[in-house]
1. Of everything in the stretch A:221-266, what is at pLDDT 95 or above and among the β-branched types (V, I, T)? Give them in sequence order.
2. Does the stretch A:361-379 hold any residues that are within 14 Å of chain B (Cβ to nearest Cβ) and among the charged types (D, E, K, R), and which are they?
3. Just checking, how many residues over the stretch A:295-319 are of a type in the set (G, A, S) and surrounded by 15 or more Cβ atoms within 10 Å (Cβ to Cβ)?
4. Can you confirm whether A:K245 is charged (D, E, K, R) and over 27 Å from A:T200 (Cα atoms)?
5. Tell me, yes or no, whether the stretch A:324-347 has at least one residue that is without any contact (Cβ under 8 Å) to a residue 60 or more places away in the chain, crowded, with 18+ Cβ neighbours inside 10 Å and among the small types (G, A, S).
6. Against the definition (closer than 30 Å to A:V349 by Cα, touching a residue at least 40 places away in the same chain (Cβ under 8 Å) and touching a Leu at 6+ places or on another chain (Cβ under 8 Å)), how does A:G283 come out, yes or no?
7. Have a look at B:L237, B:L222, B:L213 and point out the one that is in the same structural domain as B:V169 (by TED's automatic domain parsing) and out of contact with any helix residue (DSSP H, G or I) (no Cβ under 7 Å at 6 or more places or on another chain).
8. Taking the condition of being exposed (fewer than 15 other Cβ atoms within 10 Å of the Cβ) and either touching a Pro at 6+ places or on another chain (Cβ under 9 Å) or at pLDDT 90 or above (or both), how many residues in the stretch A:74-92 meet it?
Amino acid sequence: MLLWCFLGLVSIFMLCEGQDSECDNFIDLDFHDWFMGTNLYVRLLLYTRANLDCGHKLSHHNFTLEPLFDLTRPTTFVIHGYRPTGASPVWINHIVQLLAAQEDMNILVVDWNRGAANLNYFTPVTNTRRTAANITGFIESMEKEGTSLDSIHLIGVSLGAHVAGFIGAMLGGRVGRITGLDPAGPMFAGVPPEERLDPTDAQFVDVLHTDMNFFGLRGTHGHVDFYANGGLDQPGCPKTIFSGKSYIVCDHQRSVFLYLCALNHTCNLMAYPCSSYTDFLNGQCLQCETFKPASCPVLGYNMSLWRDTLLRLGQTRVFFSTRAEAPFSKTSYRVDLVTWNQFLRWGVVILRLHNGKNVIESRIDHKLLRFEQYTSTRLLAQFDMDLHPVQKISLRIVTGNVIGPRYKIRLLQIRITPLEKPDRPLMCRYDIILEENVEVSFRPLPCN
Amino acid sequence: MDDDIELKIIQGVQDNNNVASDVCMEVNAENGDCPDHINCASPLLTTSQAGDGSRTEVSVEAVNNETDETTLQRVKRELNEVVVWKLKVWMVILIILFLIALTVAVTLTVCAAGYDDEDEKYDRSSFVVERFFRGNFTLANNNFTSHPLTQPAESEKLLEQLKQKLTAVYNSSSALARYFSNVTISNFRDETAQFELQFIIPSENEQLVRYTLSSEMVKGVLLQHFYDQDSDAGDHLYVIPSSLSIEVCTKRTI
């Protein structure tokens, strides 16, 4: 009996081993490799809907022998960046799963961990060109086999974004699309466009910035550049070095998590064309007429709604704010206030929305707002939660005055426009008197 | 250190847990004489060799007590000095503090009370131009006015109630009340009431007409009242909010 059990266990173990050996997944490197440095070795791991958990290593030359690699389907390359410790990226499996959910495609994970893992950052930087040349050769072979470059999408993270850019440039900008997730900044700041990712590298280049002041690259590098929270510091990321590794990588890594959230459709990250994040927060850039009948661009896989307009516009900078954790999207409203006070008043606005059960609050206090007679004061109110339908609205204008007479702010109208959900009604209210620092609540009515 | 401060010698302090007694101070004898060697018994205290080795250790606590007492007495004495008449220094200080507080309080009160809200001021006699709005709305529970000719008294009563209601709405509006003049409600047609609003505004009225007395604003004030009304099915004055329409008209029509 014991013998049978033993044999059974051994056979199960061997079966598992056998299954494992058929899968080629991302390889973790050990301490020796990243400490001593590694020579560049590029592996292409194929994932499709048929083998989501089990990568198939593609030969650079005999890839037609792989039955799962269907050249008639679109192909997306996922290219990682600098791997200081040689560990596999935590998001690799996640992005493969989510890309496969978008459409039936070949997902090729470019594993250049041997080449990207090195204590010395300059070595992986040098290797970006060689990796790009390697993949370019592969894509050229694909093209010879009949694949159209239009159907090729390169998604590059950090240094990988520049690898994608180089591939695109080597193919004469004929690749369908490049998505750069926080392209690496160190060694790429201030270099000419041909030495980094730029819009000429593909037919359409979209870039997401989350850490421009540290690992990311400042400036505009695509046809559309998404700046999350201004592209600098991300909410929820540690502010001090005492948090260790998280302090260093959090902002940079957020680009991948935002993209994953967008692919997952749990985040609706709509971004507004603007000249600066400050102007965006001040409510000066909430118009999306340029993209009509579409909305403003939404971060994600499907950019077809905005692609033509963005290509026509050349380079567009779009801004959005996020929450500190997933789901990252906020709910935004444009608020317009008109006062009939004879004299100018200043203050910050605290807006609360109620639906009978929950209350959400937005403090628009990053700068003092100006309330001038017969002049519309426009502001952007962003909430961490969505709440619908709104049954009651509370408004407070805080002026900071604690002594002296209590001034009144007399509103002719307040108009609250939901930004991400155009099907929801605009909310209005007329003839409101607000005593400074005192909250006033009212029921919204549909605007005329 | 003053010569007149009495230096007390700590004799054999044993209690190491007594923090106060642990604290010792070293004082060099000024006249060079070396009094009896004083041993501060605290083991926490490091013995340093000051000067030529002659030193005196003094309890700070003791000295402080002495100093505090002296200072306290001196302050008390000085506070009790008579400044003028029978007023002593402490009284003068209190009076000054009280006067400062009083001045602040009076200033604040005067400021707050004397604050004239410029937006509350207006001169009705300067309002000379008429502005009319015409509109209609439908009552939800208007059963008995379907045949106004059969029940003229009831109909008249309802018209009067509606007139009062609209007058109350515009008279309670902070932005519109000052310009509001009157409302006229005509007879019902198929349960829909026709009404006309009259406002009287200043001759310089370009901005006023564009913003405050715009049809959107005049309608909005009435509409939000209709939305806020209790949708009690029994209320015969209940107006269907979506039925309200208002537009500007140039002259009196009703």
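The values are calculated or read from the model by the stated rules, or taken from the named source; none is laboratory data. Keep in mind it's a predicted model, so treat the numbers as computed, not measured. So basically every Cβ, Gly included, is an ideal-geometry build from the backbone, and we count neighbours across all protein chains shown.
1. Within the stretch A:221-266, A:V224, A:V256 meet the criteria.
2. A:E372
3. Here the count works out to 2.
4. So A:K245 fits the description; yes.
5. There is no residue in the stretch A:324-347 that is without any contact (Cβ under 8 Å) to a residue 60 or more places away in the chain, crowded, with 18+ Cβ neighbours inside 10 Å and among the small types (G, A, S).
6. On the way: closer than 30 Å to A:V349 by Cα: yes; touching a residue at least 40 places away in the same chain (Cβ under 8 Å): yes; touching a Leu at 6+ places or on another chain (Cβ under 8 Å): yes.
Considered against the rule, which asks whether it is closer than 30 Å to A:V349 by Cα, touching a residue at least 40 places away in the same chain (Cβ under 8 Å) and touching a Leu at 6+ places or on another chain (Cβ under 8 Å), A:G283 comes out as yes.
7. Numbers: B:L237 fails: out of contact with any helix residue (DSSP H, G or I) (no Cβ under 7 Å at 6 or more places or on another chain); B:L222 fails: out of contact with any helix residue (DSSP H, G or I) (no Cβ under 7 Å at 6 or more places or on another chain).
Residue meeting the stated conditions: B:L213.
8. Looking only at that region, the number is 1.
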